[in-house]
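Have a look at the structure below before the remarks.
Laboratory data are not the source of any read-out in this text; all were calculated from the coordinates shown. Worth saying up front: this structure is predicted, and the values here are computed from it rather than measured. Heads up, the Cβs are rebuilt from the backbone with ideal geometry, glycines too, and the neighbour counts pull from every protein chain shown.
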Amino acid sequence: MALTETTIRKLKDPAKEKLIGDERGLYLRCYPSGRRSWLYRSRKGGSWKTRNLGEWPAVSLAEARNKSAALSKTVLPESVTFGALLDEWFQRRIEPRYKVTKNIEVYVTRGKAEAGSTPLSQLTTKRLTDILVEYAAAAPVAANRCLSNWKLALRYAVERGYIERSPLENSTSAVAGGDEKTRDRVLTDDEIKALWNDPHGHAPLLKFLLLTGLRISEAQSATHENINGDILHIPENKSSRPHWVYLPPLARALTGDHDGYLFAQRSNTSVQHRLKHTAKLTWTPHDLRRTFATRLAGLGIATHVIEKCLNHSLGGVLAIYNRHAYEAERQEAAIRWASEVLHILEAR
């Protein structure tokens, strides 16, 4: 029957609860008591999803139809799964903001594999933390990173109105991989000498990282076209900020030619694996960046210049008002550090 305000008023109270359909998933629920309420219903995956749109006559027929029309063009929050959420969050929040997304993709894939088909409305804290605890047994640090990313995705779900509260809102690393020790590894002179004598294919890249303070992704994304004189320009770092480094002769000599790129396109994980299992080294590529910064400080380079060399944002008032690039100071820092490395290599 076609619903109108008049027909609704004339409806007789049913002997038992009854649904009367209208259009676009809108239903009027009639109770024996005379109460009337609006429902929006949709069918997905073989089951019905229902949403209450309010009581009649407080919500008129026209208002109910407008609400159901809007809902028919969107996905009901109750039907959004954890896997669908992770995909949407990744596409809308991660891909547009970050150049390197492979690590986050790992945690998205894991979430989809472990609980991807579970509706957000049925996702519990225990279910997710059980997955993280099992993950942490083999990879505690990765479990902590997974927790952080899932929390961000679920916070996005709250912002989108899919859920009222994140099931991981109060969860910390204590329930996943536990507290992590802050790395303070800086290479010794002997380790720098050993790196220069390393015959493995990844050695030029690692030497370059030590001399420039770049991340693996930044060095591998660089091409010969980005070199202007002795300056290497990085169009975007992982935070989508441009960067440049000065290349003293020692660093310039390391740049090869791999299809136009300065270095072979190996992933961060691949380089880490080679260091651990092939070269049997006890430090990581990021320790080279820490060594670069620490050794510059030891040479008397000012902290704000080191921060610029690393492409860090200056903090506090400096971040707002100090837009100076410190070109001459950064070049001087690179030259002095390369000279120090040569001194280390020549020392007995």
Trypsin sites (Lys or Arg not before Pro) within region 173-254, DSSP loop, no more than 11 other Cβ atoms inside 10 Å
181, 183
Could you please rank 196, 337, placing first whichever residue has the fewest other Cβ atoms within 10 Å of its Cβ?
196, 337
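Extension gain residue 186-residue 10, at 0.36 nm per residue separation less the Cα-Cα distance, in nm?
Once the chain is fully extended between residue 186 and residue 10, it gains 55.1 nm.
Got a sec? How would 231, 192 order by Cβ neighbour count within 10 Å, fewest to most?
The fewest-first ordering by Cβ neighbours comes to 231, 192.
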Ranked on Cβ counts within 10 Å of their own Cβ, fewest leading, 131, 227, 216 go 227, 131, 216
